[in-house]
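Values quoted throughout were computed directly from the atomic coordinates according to the rules given, and no laboratory measurement underlies them. Everything numeric here is computed off the predicted structure, so don't read it as measured data. As a convention, Cβ positions derive from the backbone with ideal geometry for all residues, glycine included, and neighbour counts pool all protein chains shown.
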Amino acid sequence: MSLDIDKIILHSLRPGSDGQPHADTRSQTLVPDEAVQGLMAELHRIYNGKGGKGFGFFADPEAAVAELADGEEAPKQPSPAFRIALEQLLGEQMEFVPFSVSMTQLLVKHLVEHALDEQGVLLFAKYNYVGVDYLMMALLEGKESVTVSEALELSHIQYLDIGKLNLVARIDLTEWQTQPDSRRYITFSKGRVGRKLGDFFLDVLGAREGMDAKLQNKGLLQAVEDYCDSQQLEPAERNDYKKQVFKYCTEQASAGEEIEIRELSAELPGDNDLDFYSFIGKEYELEDRFPADRSTLRGLTKFVGSGGGLTLSFEQKLLNSRIFYDPQTDTLTIRGVPPNLKDQLTRSS
């Protein structure tokens, strides 16, 4: 893995006697030895494959005010503190250690404002991966476990649980500096419950939300359906076409890569006069590339639904072969009940 660490430092967040988060800061960067290199390589890999990320860009308060209609009250404007400090860091007007300390204090301030109870080891890292510069900020949770010594004695150890990465944000410095009009060079964890974590990061970074990855995936599914309709594909051909789209997208997700529409189109069969890429055009408002959302992509090969205590999921190819839907009576008929389900039903009847 071609990952080069420029600067990396650790601070910590702990609950104070007042019940609020407090920071303990380090005064020196870490030496990028083998352990540090291994940690960053794993963090980079896990974060690339992490789903449910938010995408954004640094807000321009002046532009936001200019867009207001006459008499409209201006909303709360994002603070430019993070962006200004980052510009000073990149312009060599601020050293990495004071930058990280200042941003840790900013993070604590917003944790209090958003009533988020977080603690652990806070990592700041500026690094390069295959020619792209990044700045990552991640809160790593400490865990306790048991190890066995050579004398076969047990002892407790503390370790960093980097598999979760619930509180993490990363800035693609290269994209920010070379494509200032981009709306996706900031990525951050959004969490599964509401918008609390996403709003927290937008406030800390002084950013606005840009690309919606889930919406992009839904747009892709709709484009695939419409393209199959335009080509008048038979049911079997339609299923095969969707399978190829699903295979490409899931392989990209597993590799930590994004869906590239032009690349996807090149792998799909199509009319020479109208391939998938040409069909999409500007009508579907899809980005040239965007992350795969696995839950949304399931709609390429499966019918999924739930409600009223019932959850159903089955391969689309089974419709009208083993599973039949009657819209008049709103009923599904299933031929060939799965053995494990059949056993449960038999024992309960």
* If all Cα-Cα distances of the chain are sorted into 20 Å bins from 0 onward, what percent lands in each bin, rounded to whole numbers? -> 23, 47, 27, 3
* Structure fact -> Those chymotrypsin sites (Phe, Trp or Tyr not before Pro) from the stretch 245-334 that are DSSP loop and have at most 15 other Cβ neighbours within 10 Å turn out to be 284
* To do: Give the Rg (one decimal place) followed by the Dmax (whole number) of the stretch 277-349, computed from C-alpha coordinates and expressed in Å.
  => 17.7, 55
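List the trypsin sites (Lys or Arg not before Pro) within the stretch 246-349 that fall in a DSSP loop (any state other than H, G, I, E or B) and whose Cβ has at most 11 other Cβ atoms within 10 Å.
Values: sites: 247, 262, 282, 289, 294, 298, 302, 317, 322, 335, 342, 347; in loops: 282, 322, 335.
In loop regions of the stretch 246-349 (DSSP not H, G, I, E or B), the sparsely surrounded trypsin sites (Lys or Arg not before Pro) are 282, 335.
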* **Rounded tilt (10° steps) of 196-205 against the dominant C-alpha axis of the chain** => 50 degrees
* Just how large is the dipole of the stretch 302-348 about the Cα centre, in debye to the nearest 20, putting +1 at every Lys and Arg Cβ and -1 at every Asp and Glu Cβ? -> 200 debye
* **Among the listed pairs 7/196; 196/302; 190/243; 164/342; 218/247, those beyond 27 Å (Cα-Cα)** => 7/196; 196/302; 190/243; 164/342
* Structure fact -> Non-local residues with an amide H under 5 Å from the amide H of residue 206, with H modelled 1.01 Å from N and Pro and chain starts lacking one, are 79
* Asked: Where does the chain land at 222 nm, in deg cm²/dmol rounded to the nearest 500, when only DSSP H runs of n ≥ 4 count, each adding -39500 (n - 2.57), divided by all residues?
  -> -11000 deg cm²/dmol
* Inter-centroid distance (Cα atoms) of the stretch 244-301 relative to the stretch 30-44, Å -> 33 Å
* Structure fact -> For the stretch 298-306, Karplus-derived ³J(HN,Hα) couplings (6.51, -1.76, 1.60; θ = phi - 60°; whole Hz; x for glycine and proline) come out as 4, x, 6, 10, 10, 9, 10, x, 8
* ³J(HN,Hα), Karplus 6.51/-1.76/1.60, whole Hz, each residue of the stretch 337-349, x for Gly, Pro -> 5, x, x, 5, 5, 4, 5, 5, 5, 5, 5, 8, 8
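Once you wrap a convex hull around the alpha carbon atoms of the stretch 176-257, what is its projected area averaged over all directions, in nm²?
Values: hull surface 31.4 nm².
Computed as one quarter of the Cα hull surface, the answer is 7.8 nm².
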* Value of D in µm² per second that Stokes-Einstein yields for the stretch 219-278, Kirkwood Rh from Cα pairs, at 25 °C (0.890 mPa s) -> 207 µm²/s
* Dipole size in debye (nearest 20) for the chain around its Cα centre, Lys and Arg Cβ +1, Asp and Glu Cβ -1? -> 1340 debye
* Asked: Lys/Arg Cβ at +1, Asp/Glu Cβ at -1, dipole of the stretch 254-349 taken about the Cα centre: which of 296, 265, 339 is farthest positive-ward?
  -> 339
* To do: Kindly put 172, 24, 60, 181 in sequence by how many other C-beta atoms sit within 10 Å of each C-beta, fewest to most.
  => 181, 24, 60, 172
